[in-house]
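Undergrad: The structure follows.
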Amino acid sequence: MMKSYTDLDVWKKSRELVKDIYLLTKTFPKDELFGLSSQIKRSAVSIPSNIAEGHGRNYTKDTLQFFYISRGSLCELETQLYLCFDLEFITKSDFDKNLEIITQCKQMLNGLIRYYKTLL
């Protein structure tokens with residue numbers, strides 16, 4: 001078992017994603033400050049936060065619940081990224097780069113969920 005959530009690759013990768021999303025939203029139109037820009041940042045921040053909270057729980061079922069929430073936030077962020085692209089707030093290159101990181105995080109998180117399910 002990991003000593004700390006900071007040892008988890010998915011937590012590290014999701015922090016990278018948060019940074020990228022924050023940098024990306026700086027280029028959004030100013031009238032989006034409290035709209036999609038705010039929502040996409042909240043979704044991104046939720047991912048490593050729920051991984052950390054889940055890892056800190058005493059019971060495997062609780063841990064899994066927070067990992068599921070994190071996975072849900074990844075899907076939410078993915079949808080918001082599509083919307084940003086549809087609205088032409090981001091370039092195809094930025095879209096592809098962030099979608100790739102989201103996909104990597106999903107794969108790592110799914111592996112972590114599978115592992116914790118074996119502990120039930």
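Any read-out appearing in this document is the output of simple, stated calculations on the displayed coordinates, not a laboratory observation. Keep in mind it's a predicted model, so treat the numbers as computed, not measured. Every residue, glycine as well, gets a Cβ built from its backbone with ideal geometry; the counts of neighbours run over all protein chains shown.
Undergrad: What whole-number distance in Å separates the alpha-carbon centres of the range 52-70 and the range 79-113?
TA: So the separation of the two Cα centres works out to 23 Å.
Undergrad: Scan the chain and note any complete DSSP helix (H) whose C-alpha atoms cover at least 15 Å along its axis and whose Kyte-Doolittle average is -0.5 or more.
TA: For the chain, where a helix must reach 15 Å along its axis and average at least -0.5, the hits are 9-25, 36-55, 60-86.
Undergrad: LYS19: which lysines have alpha carbons under 29 Å from its alpha carbon, excluding same-chain residues fewer than 8 sequence positions away?
TA: Qualifying lysines at Cα under 29 Å: LYS3, LYS30, LYS41, LYS92, LYS97, LYS106.
Undergrad: Counting other C-beta atoms within 10 Å, which of SER38, SER70 has the fewest, and how do the rest follow? Show your work: numbers first, answer last.
TA: Details: SER38 13, SER70 26.
In increasing order of surrounding Cβ atoms, one gets SER38, SER70.
Undergrad: Let's see if you can work this out: charge +1 on each Lys and Arg Cβ, -1 on each Asp and Glu Cβ, no other charges. What is the dipole magnitude of the chain about its Cα centre, in debye to the nearest 20?
TA: So the magnitude is around 500 debye.
Undergrad: In nm, give the distance between the simple-model label positions of THR103 and PHE34, each being 7 Å from the Cα along the Cα-to-Cβ direction.
TA: 3.7
Undergrad: Bin all alpha-carbon pair distances of the range 5-117 at 5 Å intervals from 0 and give each bin's fraction as a whole percent.
TA: Binned Cα distances yield the sequence 2, 13, 25, 23, 16, 10, 7, 3, 1.
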